[in-house]
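To keep things clear, I will list the structure first and then write my remarks on it.
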Amino acid sequence: MIRAALAALLLATSAVPALAADQDFQMVNRTGYQIDEVYVGASSSTSWGSDVMGRDSLSDGERVNITFPNRTRTCNFDIRVKYHDGDQATWTNIDLCKVSKVSLYWRNGKTRAVTE
């Protein structure tokens, strides 16, 4: 009887879905340049999807809150930004479950992302 109860308890807890993670973050542009497009895609995906900025742009010194309306258990994401002049920068495997802010800096021809 104890075995049956333990088996039932194990089955019940394994059927509970894992909680969805919070991947929302704030992006801060400190590059000195305008960013026209921002793409955020799961690291496991081969597609970037749509520009999360839509028709907006992110001028130097501005910040934007990037939210995920449909939460998943996925935490690792890739981020790509495209500047007004067409240049772009990409970062991979950012754990957005642990990051609440991504600040972008430009120096010596490269964009650096600092996470908090």
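The values are calculated or read from the model by the stated rules, or taken from the named source; none is laboratory data. All values derive from a computational prediction rather than experimental measurement. Every residue, glycine as well, gets a Cβ built from its backbone with ideal geometry; the counts of neighbours run over all protein chains shown. All accessible areas refer to the heavy atoms of the entire protein, side chains included, with ligands and DNA or RNA removed. Shrake-Rupley method; radii C 1.70, N 1.55, O 1.52, S 1.80 Å.
Here is a check on your reading of the model: is Ser100 closer than 21 Å to Ala20 by Cα, open to solvent by 90 Å² or more (accessible area, probe 1.4 Å) and touching a strand residue (DSSP E or B) at 6+ places or on another chain (Cβ under 8 Å)? Criteria not met by Ser100. Going through (1) outside any loop (DSSP other than H, G, I, E, B); (2) at pLDDT below 95 one by one, Trp91 falls short only on (2).
Within the stretch 38-70, being part of a loop (DSSP other than H, G, I, E, B), over 16 Å from the mean Cα position of the chain (by Cα) and in contact (Cβ under 8 Å) with a residue 24 or more places away in the chain holds for Ser57, Ser59, Asp60, Gly61, Glu62. In the stretch 71-85, the qualifying residues are those that are closer than 16 Å to Ala21 by Cβ and not in a strand (DSSP E or B), and the one that is nearest to the chain's Cα centre (by Cα) is Cys75.
Against the criterion of being exposed (fewer than 15 other Cβ atoms within 10 Å of the Cβ) and over 14 Å from Gln26 (Cα atoms), Arg63 does not qualify. Any residue that is modelled with pLDDT of 95 or more and open to solvent by 50 Å² or more (accessible area, probe 1.4 Å) - is there at least one of those in the stretch 13-31? Within the stretch 13-31, one or more residues are modelled with pLDDT of 95 or more and open to solvent by 50 Å² or more (accessible area, probe 1.4 Å).
So which residues in the stretch 38-64 are out of contact with any Phe, Trp or Tyr (no Cβ under 8 Å at 6 or more places or on another chain) and within 18 Å of Ser103 (Cβ to Cβ)? Across the stretch 38-64, the qualifying residues are Val38, Met53, Ser57, Leu58, Ser59, Gly61, Glu62, Arg63, Val64.
Criterion first (open to solvent by 50 Å² or more (accessible area, probe 1.4 Å) and farther than 14 Å from Tyr39 by Cα) does Arg55 satisfy it? Here the answer is no, as Arg55 does not meet what is asked.
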